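Following: one structure in structure tokens, then a few remarks.
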Amino acid sequence: MHLLALIVPFGMDALGRETALWVLIPLTAIAVGADILRAYSSRVNRLIRTIFGPLMRTEELPDVGTGVVINGATSVLVAATLLTLIFPLWIAVPMFVMTMIADAAAALVGRAVGQYRWPGRRHTVEGTLAFITTGLIVTSFFPLAFPLQIAGVVTASIAEAIPLPINDNIAVPLIASGVVWGLAVAGPAPAF
């Protein structure tokens, strides 16, 4: 799902900020609305399970009345909308693409060869190293200064490995973009 979702950040880039927002805001509203409706309506829940159920994780398919669960696809749209609203696309797109691909690499490596878990977490050191390596490779394809690439990737890898109160598909690209933006705005450090 991560790789299929890459159409979103590349679409943001292709459309430009204003047009992307015209597309993203209604799509995000529909997706969030559907997730809310399916929590309270058996009919909507059945419809979503029939159409999208095979693509969703078990934890994304709650029974009616058990609370609202925002699924992964909705999280991607929420993240895309927030990134496009808050950050320039030259930061938002590479950080979003990087987190999607690096997260997938971390999951694959962590599950396949991960032996050392971070304390109290399901994430592995090997997965984090895969995240960083993949993230640096991915960001190298974007016109970001190398120090900004490193800052974004390392920040994202830390944010991915720690427990966050918000879905990591939303939080991690926002945090990474925020750090990169802050550093870009601050400019180069003065020489001593």
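The values are calculated or read from the model by the stated rules, or taken from the named source; none is laboratory data. None of the values given here were measured: they were computed from a predicted structure. Quick reminder, even Gly has a Cβ in these numbers, built from the backbone with ideal geometry, and neighbours come from all protein chains shown.
What's the total number of residues in the range 79-106 that are surrounded by fewer than 17 Cβ atoms within 10 Å (Cβ to Cβ) and in contact (Cβ under 8 Å) with a residue 60 or more places away in the chain?
Residues that pass the stated criteria total 3.
Within the range 149-192, no residue satisfies the criterion of being within 17 Å of Phe131 (Cα to Cα), over 17 Å from the mean Cα position of the chain (by Cα) and either outside the structural domain of Ile137 (by TED's automatic domain parsing) or modelled with pLDDT under 90 (or both). Residues in the range 89-139 that are of a type in the set (D, E, K, R) and either closer than 23 Å to Val8 by Cβ or assigned to a helix (DSSP H, G or I) (or both): Asp103, Arg111, Glu126.
With the requirement that a residue be of a type in the set (A, V, I, L, M) and outside any helix (DSSP H, G or I), what does the range 64-88 give you? Passing the criteria: Val64, Val68, Val69, Ile70.
Hey, among Val64, Val68, Val76, which residue is within 17 Å of Ile170 (Cα to Cα), surrounded by fewer than 16 Cβ atoms within 10 Å (Cβ to Cβ) and not assigned by TED's automatic domain parsing to the domain that holds Leu144?
Numbers: Val64 fails: within 17 Å of Ile170 (Cα to Cα); Val76 fails: surrounded by fewer than 16 Cβ atoms within 10 Å (Cβ to Cβ).
Criteria check complete, one pass: Val68.
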